[in-house]
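*Asks:* Take this structure first; my questions come after.
The values are calculated or read from the model by the stated rules, or taken from the named source; none is laboratory data. None of the values given here were measured: they were computed from a predicted structure. Cβ placement follows ideal geometry from the backbone for every residue including glycine, while neighbour counts extend to all protein chains displayed. The protein model used for the area step is the full one, side chains on, heavy atoms only, and it has no ligands, DNA or RNA in it. Shrake-Rupley method; radii C 1.70, N 1.55, O 1.52, S 1.80 Å.
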Amino acid sequence: MRFSSRKDISMSLLIWIPIFLCLGTIYATITTQISILTILLMLAIIVLFSSFWFNTHYTIEKKHVKISYGPITKRILISEITAIRKTKNPFTAPALSMQRIELTYDNYHTVQISPKETQRFIMELTNKNAEIQVDAALFK
C-alpha cells in the first residue's frame, strides 16, 4: 500500500525556491552569455529538487516499508520496527512536512517520515507487526 508524503509550506519553500532560482539563473545565462555548463548544472539541480517533491512516498510491502525520497530508496524490515512516535525534528529526513512520525528499527536506528494518512499508515504497520509500540500522542 502506497502513502504520499504530507507537504507543508516550510518544506515547499525549501524545495521550490531553489528551483525558481535555478530557472532564473538559466534565463539570465541564456539572455547574457551562453554557458552550457551553468545551464546543465542548474538543470541537474532542478531535476534533483523536483524528484524530492514528486517522488517522496512510503510503501508498505509484504515484509518491508519502502521509503522513496527523490532518487533515494530505503527498505526497512517491518519485523525490525519496534516503535513509532510523533516528532517535529527539523533535521534532514525523507519527509516533506514538519508533522512527522519516527520509526525506530533494528535496535537504535530511526527514520522520520510524514505520511499524509498517518493513522492508516500506523494501522497497516501494526497489522503486520503487532509488537510495534505506538506513542499515544499520535492519536490525539
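*Asks:* Just to verify a result, which residue in segment 114-140, among those that are assigned to a loop (DSSP other than H, G, I, E, B) and within 12 Å of I81 (Cβ to Cβ), is most open to solvent (accessible area, probe 1.4 Å)?
*Replies:* By that ranking, first place goes to E131.
*Asks:* Which members of segment 1-20 meet the condition of being surrounded by 13 or more Cβ atoms within 10 Å (Cβ to Cβ) and either farther than 16 Å from G70 by Cβ or among the basic types (K, R) (or both)?
*Replies:* F3, R6, K7, D8
*Asks:* S35 versus (1) closer than 23 Å to D8 by Cα; (2) modelled with pLDDT under 95; (3) open to solvent by 20 Å² or more (accessible area, probe 1.4 Å): which is the lone unmet condition?
*Replies:* Failing condition for S35: (1).
*Asks:* Within segment 70-95, count every residue that is over 11 Å from I113 (Cα atoms) and either touching a residue at least 24 places away in the same chain (Cβ under 8 Å) or open to solvent by 70 Å² or more (accessible area, probe 1.4 Å) (or both).
*Replies:* 15
*Asks:* Still on this structure, please answer the following. Mind checking which strands (runs of 3 or more DSSP E) fall wholly inside segment 41-113 and carry at least 1 residues that are out of contact with any Asp or Glu (no Cβ under 7 Å at 6 or more places or on another chain), farther than 26 Å from I9 by Cα and not hydroxyl-bearing (S, T, Y)?
*Replies:* 64-69, 72-77, 81-87, 109-113
*Asks:* Can I ask one more? With the condition kept exactly as written, say whether any residue in segment 97-110 is closer than 24 Å to L23 by Cα and open to solvent by 80 Å² or more (accessible area, probe 1.4 Å).
*Replies:* There is no residue in segment 97-110 that is closer than 24 Å to L23 by Cα and open to solvent by 80 Å² or more (accessible area, probe 1.4 Å).
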